[in-house]
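Q: Here's a structure for you.
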Amino acid sequence: MFRAVFFYLLVCTPTLFASDSELPEVVVSADFHNSEELDTITSITVLAETDKLARGATHLEELLNLVPNLNYAMGTSRARFFQIRGIGERSQYAEPLNSSVGLMIDGIDFSGLATIANLNDLQQIEVLRGPQGTRFGANGLAGLIAITTKDPEPDPSVEVTASAASHNGRQASITLNQPLNSRTSARLNIGRQISHGHYQNRFLGRSDTNGIDENHFKLKLVSRGDHLLAKFTALYADIDNGFDAFTLDNTRNTLSDEPGFDRQKTKAMAFMLQRNFKTASLEFLASTSDSKLGYGYDEDWSYVGIHPYGYQSTDHYFRDQSHHSAELRLVSKPSRERTGGEPTWALGLYRTELRSDLLRRYTFAAAPYTSDYSNKASALFAETTLPITNQVTLSAGLRAERRQRAFNDSLAVTFDPSETLWGGRLGLQYALNSGGQIYLSVSKGFKAGGFNTDGTLDEALREFDSESLIETELGFKAQTQRSRIRLALFHADRRDQQVKSALVLARADGSTEFINFLGNAAEGRNQGLEIEVESQLSESWRIRFAGGYLDASFDQFINEFGEDLSGRKQAQAPNVSASSTLSFDQGNRFASLGIDHKASYYFSDRHDTRSNAFTTVNLALGLDWQTWRVSIWGRNLTNETIYTRGFGSFGNDPRKDYVTESYFQFGEPRSIGLTVSFTGQRKL
């Protein structure tokens, strides 16, 4: 049925473009030039505030199914680990993390820290698929997610939003926009969200052990002069979520006597200064963030006395992490501000310093474990587009990055590696006479090497090398006033692929010890397609379809058990992902019906436990009254059982003599909510 719908939309949707209503222009802010999306040579999905409202979404994780070939792994209270086209991390414990998928929020790098990715005061979300080696370096091996919130406006205003939802969910935010003088405006957003979550702890008699408790604060200042633009962002987040999501019986009824936690306190600032000249601009960007992270879980998932063979264990990780970056670049004026046929270019310098100090408290460790990790990187980058003919344009970009890392821990393990990495892109664009473009690009992405920190590992398993990815993409983009279509075919070869493995060792008491480690264990192939079609059917009706097909397999891979997995599908890589949305907006009435589908996939490269395929139905209905908006929304209305994390290489149930079986974390069940918002002008 899904394939039939897919091909119907692919073949028939262009014939539906019969309305005089216009689709809005899409501008990508994550590149150097703030270009129109149609002019880029990258497969991009852009989500707007309307997508957020249609799902009643408050966090990035609730919109991820709208993006083709984007997946995520849980094992946390919020989605923190993403995979684009089958490439990306699935977890982090004691080891330092090198992200394959970058996350930027208002110009601040939060890669690996996506718990903070709430959607208050959202402008848009951009998901760039494929290596972003020129623009973002090592954190862009697979792609990038960039979240942008609204900038201050010259007129004073206030917006208040409040929601009530299933599972005792409540959310409220207030946004104040205030001009300070004729050139400078400020925008302040404060938000709070709480929810009991969708698990019940039967042992403790509580419903909030996997709950949400989050506070967010953001202040933005923008000052515009004749030739100068300055922007300042300050961000604070206080997140104190629970984590109690795995059970011995694979139900939503947990038995933990010491439930876990997933916490994040972050202070961050970003500054941008742009000096405009006649044909170019000089830009300086800087950001700093300081985060205190806490993550822990009840390893036995039960209570003392559940069985004579039972054990008791908790595992807690506390990190102090700081990240500072600065970038100086000279950029030609965006092509939309210049006459056609002229080359564009950008060149710059980048510097980043990250430090992460870890304290681990583990029941079976003889003493607390501590480690200090630092990463310093400097990069030089350049990019240009050169018109060859009236219809053909050459694009080229290159980035060279020098990384120096240092690590030491309480087990006397030390590392001090340095390496130079490079990436870039070479592409051709062909402008069609009817509008739109066909493009062909070859990109090289890179990801730094690293080291494993567990002191019981063999010396040969301690360090691993960098990974590189060569990707070829053929794309087609076209847009009219009432229609938009995007198509991309891609093929990527992964070299020295970093694969997460684990040693599973039995303790004397019958419980299990897990030693996670990364290694260059495989060569891989990731290929497929993405299609996005959007049509304004009439003045009131709009339809959108986004679908992805992915073939992500190992060419060569022998796992830690000596099993040859060559030819097997890679983990977290569903071969089909799709969403379709039908929207209605007329007068003061609006509605949205969305259907999401995702195929089954492996949770890990070291066992055969898979997710279940699912299809969810989402609905929103609402009314506008001048300054008021009221909407009723529902996600997963058919109450599909969704698995968001799975383990399958160990047993944890003493009642079954610790027989190996599969364990799952469940995604959101049916959720229904009511959102009320007020937007009005304020007097000076």
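Rule-based calculations on the coordinates, nothing more; no lab input. Because the structure is predicted, anything quoted here is derived from the model rather than measured. Cβ placement follows ideal geometry from the backbone for every residue including glycine, while neighbour counts extend to all protein chains displayed.
Q: Within the chain, what's the longest run with no GluC sites (Glu not before Pro) in a DSSP loop and at most 14 other beta-carbon atoms within 10 Å? Give the range, please.
A: Within the chain, the longest run free of exposed GluC sites (Glu not before Pro) spans 26-538.
Q: In the P(r) worked out for region 64-193, what percent of Cα pairs fall beyond 24 Å?
A: Here the tail beyond 24 Å accounts for 41 percent of pairs.
Q: Contact order normalised by length for region 37-102, with contacts defined as Cα pairs under 8 Å and 6 or more residues apart; what percent is it?
A: 18 percent.
Q: Taking only Cα atoms, what is the 0 to 90° angle, nearest 10, from helix 2-12's long axis to the longest principal axis of the chain?
A: The helix 2-12 is inclined about 10 degrees to the chain.
Q: I would also like to ask the following. If amide hydrogens are placed 1.01 Å from N in the peptide plane, which non-local residues have theirs closer than 5 Å to the one on Ala613?
A: For Ala613, the qualifying residues are Ser600.
Q: For region 598-681, just the Cα atoms, rotate onto the principal axes and tell me the three extents in Å, largest first.
A: 63, 27, 24
Q: Follow-up. Per the helix-only calculation at 222 nm, which mean residue ellipticity applies to the chain, given -39500 (n - 2.57) for every DSSP H run of n ≥ 4 and division by its residues, nearest 500 deg cm²/dmol?
A: That comes out to -1000 deg cm²/dmol.
Q: Then there's this: Label region 18-114 by shape, choosing from rounded, prolate and oblate, from the square roots a ≥ b ≥ c of the eigenvalues of the Cα gyration tensor; if a/c is under 1.5 it is rounded, and otherwise prolate applies when a/b is larger than b/c, oblate when it is not.
A: Verdict is prolate for region 18-114.
Q: Under 5 Å between amide hydrogens, which residues at least 5 positions from His307 or on another chain qualify, with H placed 1.01 Å from N in the peptide plane?
A: Sorted by chain and number, the residues that satisfy this come to none at all.
Q: OK, next. Largest first and in whole Å, give the semi-axes of the chain's equivalent ellipsoid, each being the square root of 5 times a Cα gyration tensor eigenvalue.
A: 38, 30, 26
Q: Give, rounded to the nearest 20 debye, the magnitude of the charge dipole that the chain has about its Cα centre when Lys and Arg contribute +1 at Cβ and Asp and Glu contribute -1 at Cβ.
A: Here the chain has a charge dipole of around 1700 debye.
Q: Fewest to most neighbouring Cβ within 10 Å: what's the order for Asp290, Asp109?
A: With the sparsest Cβ surroundings first, the list reads Asp290, Asp109.
Q: Here's a follow-up. With a sphere of radius 11 Å drawn around the Cβ of Gly225, what net charge do the other residues whose Cβ falls strictly inside it have (Lys, Arg +1; Asp, Glu -1)?
A: +2
Q: How big is the charge dipole of region 635-684 about its Cα centre, in debye rounded to the nearest 20, if each Lys and Arg gets +1 on its Cβ and each Asp and Glu gets -1 on its Cβ?
A: 520 debye
Q: Can you tally the net charge around Asn250? Count Lys and Arg as +1, Asp and Glu as -1, for every other residue whose Cβ sits under 11 Å from the Cβ of Asn250.
A: Net local charge, Asn250 excluded: -2.
Q: Moving on to the next point. Going by Cα centres, region 186-253 and region 531-550 are how many Å apart?
A: One Cα centre to the other: 31 Å.
Q: Can you give the longest stretch of the chain with no exposed loop site, where a site means chymotrypsin sites (Phe, Trp or Tyr not before Pro) in a DSSP loop (not H, G, I, E or B) with at most 14 other C-beta atoms within 10 Å?
A: 1-276
Q: Short version: ³J(HN,Hα) in whole Hz for each residue of region 544-553, in order, from phi by Karplus 6.51 cos²θ - 1.76 cosθ + 1.60 (θ = phi - 60°), x for Gly and Pro, what are they?
A: Once θ is set to phi - 60°, the couplings for region 544-553 become 9, 10, 9, x, x, 10, 9, 10, 10, 9 Hz.
Q: If you rank Leu122, Leu219 by fewest surrounding Cβ atoms within 10 Å, what's the result?
A: Least crowded to most crowded, the residues run Leu219, Leu122.
Q: Please list the non-local residues whose amide H lies under 5 Å from the amide H of Leu103, H modeled 1.01 Å from N, same-chain partners needing a gap of 5 or more.
A: Phe110, Ser111, Gly112, Ile145
Q: Treat the count of other C-beta atoms within 10 Å as a stand-in for reagent exposure and order Thr641, Thr389 from fewest to most.
A: In order of increasing Cβ crowding within 10 Å: Thr389, Thr641.
Q: Consider all pairwise Cα distances in region 188-299 and report the whole-number % of them above 25 Å.
A: Summing the P(r) of region 188-299 above 25 Å gives 47 percent of all pairs.
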